[in-house]
There are 2 protein chains.
Amino acid sequence: MSTDSTEDIESVTGELRDLLAGPHASTRATVLAGLEPYAGLLEEAETLGLDEFRDRVRDVVVELAGSGLTGLGFPKEYGGGADLGASIAAFETLAHGDLSVLVKVGVQFGLFGGAILQLGTERHHEAYLADLVSARVLGCFAMTEHRHGSNVAALETVATYDKETEEFVLTTTREDAFKDYIGNAARHAELAVVFAQLEIDGESQGVHAFVARIREDGQPVVGVRIADDGRKMGLNGVDNGRIWFDGLRIPRENLLNRFADVDADGTYRSEIDSVNRRFFTMLGTLIQGRVSVGGAGLTAAKVALTIATRYALQRRQFDSESGENDLETRLLDYGQHQRRLLPLIARSYALTFAQETLVDQLHRSFSGEVPDEEAEVFRRELESRAAGTKALATWHATRTIQECREACGGAGYLAENRFTALKADTDVFTTFEGDNTVLLQLVAKGLLTDYSSEFSSMDQLDLVRFVAGQAVETVVERANVHKLRERIRDLLPGGNEEDADIRDPEYHLEMLTFREEHILAGVARRLKGGIDRGTAPGIVFSHVQDHVIALGRAHVERVVHEAFVDKLESLPEGPTRELLAKVADLAALSAIEADRAWWMEHGRLTVQRSKAITSEINSLCRELRPEARTLVDAFGIPDAFLRAEDLVAESALS
Amino acid sequence: MSTDSTEDIESVTGELRDLLAGPHASTRATVLAGLEPYAGLLEEAETLGLDEFRDRVRDVVVELAGSGLTGLGFPKEYGGGADLGASIAAFETLAHGDLSVLVKVGVQFGLFGGAILQLGTERHHEAYLADLVSARVLGCFAMTEHRHGSNVAALETVATYDKETEEFVLTTTREDAFKDYIGNAARHAELAVVFAQLEIDGESQGVHAFVARIREDGQPVVGVRIADDGRKMGLNGVDNGRIWFDGLRIPRENLLNRFADVDADGTYRSEIDSVNRRFFTMLGTLIQGRVSVGGAGLTAAKVALTIATRYALQRRQFDSESGENDLETRLLDYGQHQRRLLPLIARSYALTFAQETLVDQLHRSFSGEVPDEEAEVFRRELESRAAGTKALATWHATRTIQECREACGGAGYLAENRFTALKADTDVFTTFEGDNTVLLQLVAKGLLTDYSSEFSSMDQLDLVRFVAGQAVETVVERANVHKLRERIRDLLPGGNEEDADIRDPEYHLEMLTFREEHILAGVARRLKGGIDRGTAPGIVFSHVQDHVIALGRAHVERVVHEAFVDKLESLPEGPTRELLAKVADLAALSAIEADRAWWMEHGRLTVQRSKAITSEINSLCRELRPEARTLVDAFGIPDAFLRAEDLVAESALS
């Protein structure tokens, strides 16, 4: 591509920006404009005391709610926007600003509000939605317990039904089984959605969700004890806390009864028979949290990349080529520095398009646009995709922010620049809304069980037994990975990969698909083999766990790059597409390079080709070097949110 | 190894602990005991205001100085301990506690004190050492500037000699060329060692160091402006600041004149002719800073690993094998979790032994134990080794602390546990005392130039020209890498690596040495080829930079594992050696696995062998699983410094 004039560059930047903003561009613009008055919060986060900052963040959240930017996912009759896709886009955009605001919004509208909306029925909607959408009432989402984070089906809070009074009695059954890390709990929440084991007449029906008032006039109600989780690595504008229930009584109507109900006389009724499946169906309705966190992590990574790239374009260090002037070499003219930043920029593009596809599917699924007969499988695949994209996007954020901080040296360490807050605030993204490692296992489980109706509720032992009960061929065929390859023309007629164009996106996809299929078959074979040899399922799982996680990762990598290719193919020929094609090549080849040993080990990559990939990446970095500014400008991060004045200024230094 | 009884386990733990503590075990014990009363500072760091915390840290540093723990590296006549090795061990041990204290100690005694000691002569020692060793006077080390961090030879502060008054005049030559990130400058330092371009009669002699008073009665003196760098990501107990010199006059005697002097009449005298070599000789005397930072990073990584491993041994999640009780599976019984932690533990062992060797060499070099005829080359190799070990140890710290935080889930995010402070405080280790990437280039430069007397002062263009001026064979032969292989018996007579025992340390070293030699030859060839083709040296360097950095890394990896093998070979047969041999295997095989694609690409690893390495690592993880507690207990971190009560408690949870 040659961008000959300023005009051309501006036009390409604009087109790229529109592409990245996607279908909800106008929502993004509105939120950005609405957020800009609060950019100063990025400074206040450094100076206010803990409770002061928490209250300030609460105030901002309430103000944002007033402007309608946080309730886009709720029905119009309760003050919402009835547009789930737009609401995720809005949330991703909030990640430009202080991330405590983002997470507090997530707690109030995504988790607490989402649970009322998705798990409740009309009586709950009538009672709570208007108040929570306007933030007149703040709530929290009390699921995680101190002893149970990943394994939430084993929660130890119990809700016993008392026929006499037609109430549920909420009890924390052991002192160390308190609800923990609950956002909004330490200070602001009046209400809570509480997850607890439902017990009727001594019989357990599994985990259900209840609405309970936990605070009145700023004090915990009788039957509730609350403690403060205190300072955290970051996100200190969110008041995380611990909750114990000492026999708190709530009316029968407070059971969020969309999927199951209890009659006055204690009769339990649900259309879903299996205890586990019932609970995981409930959880499945809450996946927008995962989708949101992944998107927010991506925004944070883009902020970091914009700062580090602009710094690398103005910062000079060590002697330059040209004797004619005294200027030193720009950081981005070092091969190593290009290698540090450009592949991360490319991956951010890839993940953005994957996230867009995910949000689109989420929107279609929740707004009933998917035909009934496909709806359930669609939903399960969506759940898997949400889990996997969240894992990759949040790990990408952690890695990118760290790399960018180091690429800015000592200056990156000063709190006046934004890395300090970005790092500390996003760090927990990799473990909240599902630990990434556990999430990749969920993805693998979906593939191994062909998204069986039970898949999300299976634990590792169920999975081992399930897979071991089938022929390996059945597992592989059902997984349908090979179907995905139909789109790929036969690139390698002689089986000689050197014939394929190293920059052909179809070649990249072919490689990624081969890996996915191969690991899938391997995992199935190992699980089955272990059981056939009489090894206990837990040991079999432990030994195969790294392959299971590799399978999850391989699947998501393929899905991510597919989204990029689809986006590319939808574009008209021209300089924007030409540039984006290079970015796609860089993203895909970097992903392949990172695991190139695997393909060599599996006879799918020759030594020559492997080396060629590395040198092609270096070439792509050099080709993209002149477009670096265009590529980060297209992220569209306003300067006010970079908060790294010194680093991005086109000062006398350049 | 089989540890049959509690007694055996305790004896192995004790032996391992002694091995890790090394020759300065008693110094370490003394410092640990002296530090324990200040463990509460870990909490105060979270609660005190910025200036309060800085003053508190200052007070602790002054108290530690009073107990003699911080001045071990200074001559006895000034209140020191005259034992450089012990002083580094003491510093590494201080890293158990609050890291602001550590860094403030490093600034006062390592950087400021070290410069006076190493660059000054008797008059400076008499004037300052006793006061600075006792911390009656605090100082700072004003080298880095806003525009020059890595390229310090290009500093823009100037010291002009004024014959009339026999004074130097210190001037910041442009407003944005201020000294930056200077520890102790914002609040506490009265004195500074200032690095500036020395100019006499309009002629520049390169960068020299001067002592200057910058503060009097708490206020900057006339001719000095100071600004506060403000809050940082971590280390907020250290008052980093900016300094501008507006024609500050200091007496001629304040030039630190060990390597060069200026007579009253302005005659400049130095035994080192080259401007660059003179400056880098001065810098070379200050390498103890790098050695210290690497060691401190390693201590921090061990703290994190101790917390995460003890957590993984008590925390249970998801169904367990055995139906007989209700307990869930311990995290460390998951294959994935073993993979996460055990290789990092093994690498910590390897780096500890490498650090011990480095400290020993440093001690010998600085105490004149090396014969004169070898002293200079010994010193240059030491410089390279210090740079490389610092890079690997600090990256290891960043990676390990992150992995451990994630392995503790949400609990790892609470400030009450130690990860928050560990992460924030150690993050800058990768870029201070030399950016790690630049340091690996220094290592490579040493190898490529056979530690030529000019090597540390060469910039990238000099390097390219130097290497291009030689035959590739000369470069490779001089680098002497092949000499190192003499110790390695001919493992592969038929060239068939499958014949070598996968757990043979000599095989691991052979692999690591092969890589180093091969990359070295490749870099030499590429540099030469580029110049021969007429490409400009800067472009040649940029294109080859990733190989140059890979060379530095390959060299240090080999050196690290060599240190582990040497340590192993020095041990008597027995359960401790048996256990340690597995740890060494895990460390080496993990390092090889991480870059296994390289060996495959270079015909040195078959596909089968590559897969065998991966499964051998899994086996080693399973074998070491029962010894995990022993391995981290041997780090010898007292519970008071873990500050993660909840995570490490053998509570009811287990």
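Observations
- Top-ranked residue in the range B:250-263 [being more than 29 Å from the chain's Cα centre (by Cα) and not in a strand (DSSP E or B); ranked as surrounded by the fewest Cβ atoms within 10 Å (Cβ to Cβ)]: B:D263
- Subset tally (residues that are in contact (Cβ under 8 Å) with a residue 40 or more places away in the chain and either farther than 12 Å from A:V101 by Cβ or hydrophobic (A, V, I, L, M, F, W, C) (or both)) for the range A:31-47: 10
- Residue within the range B:138-153 that is open to solvent by 40 Å² or more (accessible area, probe 1.4 Å) and over 23 Å from A:Q317 (Cα atoms) present: no
- Qualifying residue in the range A:154-161 (condition: within 13 Å of chain B (Cβ to nearest Cβ), closer than 23 Å to A:G81 by Cβ, within 27 Å of the chain's Cα centre (by Cα) and open to solvent by less than 30 Å² (accessible area, probe 1.4 Å)): no
- Enumeration of residues in the range B:388-419 that are more than 9 Å from every other protein chain (Cβ to nearest Cβ), surrounded by fewer than 24 Cβ atoms within 10 Å (Cβ to Cβ) and of a type in the set (A, V, I, L, M, F, W, C): B:W395
- Out of B:V207, B:V238, sole residue that is under 30 Å from B:N276 (Cβ atoms) and crowded, with 18+ Cβ neighbours inside 10 Å: B:V207
- Of the residues making up the range B:67-111, those that are among the small types (G, A, S), open to solvent by 10 Å² or more (accessible area, probe 1.4 Å) and not in a helix (DSSP H, G or I) are B:S67, B:G68, B:G73, B:G79, B:G80, B:G81, B:A82.
- Number of residues in the range A:15-47 that are of a type in the set (G, A, S), open to solvent by 30 Å² or more (accessible area, probe 1.4 Å) and assigned to a helix (DSSP H, G or I): the value is 5.
- As for the range B:279-292, it holds at least one residue that is open to solvent by less than 10 Å² (accessible area, probe 1.4 Å) and in contact with a Gly (Cβ under 7 Å, 6 or more places away or on another chain).
- Qualifying residue in the range B:634-645 (condition: within 30 Å of A:A594 (Cα to Cα) and open to solvent by less than 20 Å² (accessible area, probe 1.4 Å)): no
- Filter result (more than 14 Å from chain B (Cβ to nearest Cβ) and in contact with a Gly (Cβ under 8 Å, 6 or more places away or on another chain)) within the range A:213-266: A:G223, A:I226, A:F245, A:D246, A:G247, A:L248, A:R249, A:L256, A:N257, A:R258
- Residue within the range A:573-584 that is closer than 30 Å to A:L527 by Cβ and either part of a helix (DSSP H, G or I) or open to solvent by 30 Å² or more (accessible area, probe 1.4 Å) (or both) present: no
- Scoring B:A444 on the criteria (1) farther than 22 Å from B:R278 by Cβ; (2) within 11 Å of chain A (Cβ to nearest Cβ) leaves a single failure, condition (2).
- Test for B:V107: is it closer than 24 Å to B:Q361 by Cα, aliphatic (A, V, I, L, M) and in contact (Cβ under 8 Å) with a residue 60 or more places away in the chain: yes
- Looking only at the range B:359-382, and only at residues there that are open to solvent by 70 Å² or more (accessible area, probe 1.4 Å) and within 24 Å of B:L298 (Cα to Cα), the one that is farthest from the chain's Cα centre (by Cα): B:R364
- For A:G183, the stated conditions do not hold, so it cannot be described as within 26 Å of the chain's Cα centre (by Cα), surrounded by fewer than 22 Cβ atoms within 10 Å (Cβ to Cβ), within 14 Å of another protein chain (Cβ to nearest Cβ) and under 30 Å from A:L48 (Cα atoms).
- Residue tally, condition closer than 19 Å to B:L283 by Cα and among the aliphatic types (A, V, I, L, M), over the range B:415-458: 7
- Answer residue from the range A:498-517, given it is open to solvent by 20 Å² or more (accessible area, probe 1.4 Å) and in contact with a Phe, Trp or Tyr (Cβ under 9 Å, 6 or more places away or on another chain) and is farthest from the other protein chains (Cβ to nearest Cβ) among those: A:P505
- Any hit, the range A:331-348, residues being over 17 Å from the mean Cα position of the chain (by Cα), of a type in the set (K, R) and within 14 Å of another protein chain (Cβ to nearest Cβ): yes
- Counted residues, the range B:273-327 - those being at pLDDT below 95 and among the β-branched types (V, I, T): 4
- B:G266 meets all of the listed conditions (1) more than 12 Å from B:I88 (Cβ to Cβ); (2) not in a loop (DSSP other than H, G, I, E, B); (3) not polar (S, T, N, Q) but one, namely (2).
- When B:R225, B:R231 are screened for being farther than 24 Å from B:E253 by Cα and surrounded by fewer than 21 Cβ atoms within 10 Å (Cβ to Cβ), only B:R231 passes.
- Residues that are at the interface with another protein chain (Cβ under 10 Å from one of its Cβ atoms) number at least 3 in the following helices (runs of 4 or more DSSP H) confined to the range A:590-653: A:596-601, A:607-624.
- Selection count, the range B:429-441, where residues are buried (at least 24 other Cβ atoms within 10 Å of the Cβ), among the aliphatic types (A, V, I, L, M) and within 11 Å of another protein chain (Cβ to nearest Cβ): 1
The values are calculated or read from the model by the stated rules, or taken from the named source; none is laboratory data. Just so we're clear, the structure is a prediction, and the values are computed from it rather than from any experiment. All Cβ positions, glycine included, derive from the backbone under ideal geometry; neighbour counts span all protein chains shown. Quick note on the areas: whole protein, heavy atoms, side chains included, nothing else; ligands and nucleic acids left out. Shrake-Rupley method; radii C 1.70, N 1.55, O 1.52, S 1.80 Å.
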